[in-house]
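Worksheet for the structure shown next.
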Amino acid sequence: MILIRLGGVLTHAESKLAQEREGQALIKDVRRQLHEISRPLIEQIVKDILGYEVISLHTDMSVKTGERIIVLIVEGNLDELFD
């Protein structure tokens, strides 16, 4: 499992939108769509670097804190790479 924590992911415009409930939903929807589009690239990068296929990928972001968490589950044991 790979856990990625990103901070400051909101643009200035998104920060303004996030002040309203409808804006928050819009930001999350657009970011979800962008993430789905980029998913094959992320999976390929992980495979190129680690040599493991991504089994599943989960993500969520907070429009309040501007943080995004990404969890990748890979087919292999990462401990073996770093012994």
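The values are calculated or read from the model by the stated rules, or taken from the named source; none is laboratory data. All values reported here derive from a predicted model rather than from experimental measurement. FYI the Cβ positions are ideal-geometry reconstructions off the backbone, even for glycines, and counts take in every protein chain you see.
Go through segment 14-68 and report how many residues are part of a strand (DSSP E or B), exposed (fewer than 12 other Cβ atoms within 10 Å of the Cβ) and among the hydroxyl-bearing types (Ser, Thr, Tyr).
Qualifying residue count, segment 14-68: 1.
Among what's in segment 72-83 and is within 15 Å of ILE4 (Cβ to Cβ) and loosely packed, with under 14 Cβ neighbours inside 10 Å, pick the residue that is modelled with the highest pLDDT.
Filtering segment 72-83 for residues within 15 Å of ILE4 (Cβ to Cβ) gives 72-74, 78.
Right, trim to loosely packed, with under 14 Cβ neighbours inside 10 Å and you get 73, 78.
Working: ILE73: 97, LEU78: 90.
Looking at residues that are within 15 Å of ILE4 (Cβ to Cβ) and loosely packed, with under 14 Cβ neighbours inside 10 Å, I get ILE73.
Between residues in segment 26-50 that are hydrophobic (A, V, I, L, M, F, W, C) and residues that are in a helix (DSSP H, G or I), which pairs lie under 6 Å by C-beta distance while being six or more apart or on different chains?
ILE27/GLU14; ILE27/LEU17
Only one residue in ILE45, ILE55, ILE69 is over 12 Å from ILE2 (Cα atoms) and not aromatic (Phe, Trp, Tyr). Which one? If you could, list the steps in order and put the result at the bottom.
On the way: ILE55 fails: over 12 Å from ILE2 (Cα atoms); ILE69 fails: over 12 Å from ILE2 (Cα atoms).
Residue meeting the stated conditions: ILE45.
Give all pairs with beta carbons closer than 6 Å in which a residue from segment 55-73 that is within 16 Å of GLN19 (Cα to Cα) and without any contact (Cβ under 8 Å) to a residue 60 or more places away in the chain meets a residue that is of a type outside the set (Lys, Arg) and surrounded by fewer than 12 Cβ atoms within 10 Å (Cβ to Cβ); count only pairs at least 6 apart in sequence or on separate chains.
Cβ pairs passing all conditions: GLY66/GLY8.
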